[in-house]
Amino acid sequence: MAYDPNNIFAKILRGDIPCKTVYEDDFALAFHDINPQAPIHVLVIPKAAYVSILDFTAEAPAEMIAGFFRAVGTVARQLGLEEPGFRMLANIGSDGGQEVPHLHIHLFGGRKLGRMVAKAD
Ligand code: AMP
């Protein structure tokens, strides 16, 4: 899938629409999900145009990949999620339930998170 520069997270990165930022560095932006599924639900996105983990890991420079995943860990620590734990998740493609075609890692925490994968509808 080609990257769509008009997706909602691209607009957030450009500052065209607002977000509730929790962390930002050269590689990543983290912000609260607009429709939280847990007491803590934060999204971490790379500051670069990648649809998913597939094109990101195939095409992004090593410095960007390292910087992005370091940022994910930094955000989790900053949110106090180390104890009693949390979940990180990335939806990819239609079966994965991906709605926004810009790579994003969900961080969920603040309660017991239940089943790892929901039963199919
Ligand atoms: P996914 O289904 O993995 O693509 O997740 C997309 C997520 O983006 C959903 O959890 C949405 O609630 C969230 N979302 C969509 N628009 C916004 C926005 N403007 N600000 C913050 N989160 C958003």
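A search for C-beta distances below 6 Å between a residue of the stretch 41-68 that is modelled with pLDDT of 95 or more and any residue that is acidic (Asp, Glu) and within 12 Å of the ligand (Cβ to nearest atom), counting only pairs 6+ apart in sequence or on different chains, returns HIS41/ASP33; LEU43/ASP33. Of the residues making up the stretch 101-114, those that are within 13 Å of the ligand (Cβ to nearest atom), out of contact with any Lys or Arg (no Cβ under 7 Å at 6 or more places or on another chain) and not aliphatic (A, V, I, L, M) are PRO101, HIS102, HIS104, HIS106.
The single condition among (1) more than 22 Å from GLY96 (Cβ to Cβ); (2) touching a His at 6+ places or on another chain (Cβ under 8 Å); (3) open to solvent by 50 Å² or more (accessible area, probe 1.4 Å) that VAL22 does not meet is (3). Within the stretch 87-106, restricting attention to residues that are touching a helix residue (DSSP H, G or I) at 6+ places or on another chain (Cβ under 6 Å) and buried (at least 17 other Cβ atoms within 10 Å of the Cβ), the residue that is farthest from TYR50 (Cα to Cα) is ILE105. Where helices (runs of 4 or more DSSP H) fall entirely within the stretch 1-100, those with at least 3 residues that are away from the ligand (no atom under 13 Å from the Cβ) are at 53-59, 62-78.
The values are calculated or read from the model by the stated rules, or taken from the named source; none is laboratory data. Worth saying up front: this structure is predicted, and the values here are computed from it rather than measured. Glycine also receives a Cβ, built like all others from the backbone with ideal geometry; neighbour counts cover every protein chain displayed. Calculation scope for accessible area: heavy atoms of the full protein, side chains included, ligands and nucleic acids excluded. Shrake-Rupley method; radii C 1.70, N 1.55, O 1.52, S 1.80 Å.
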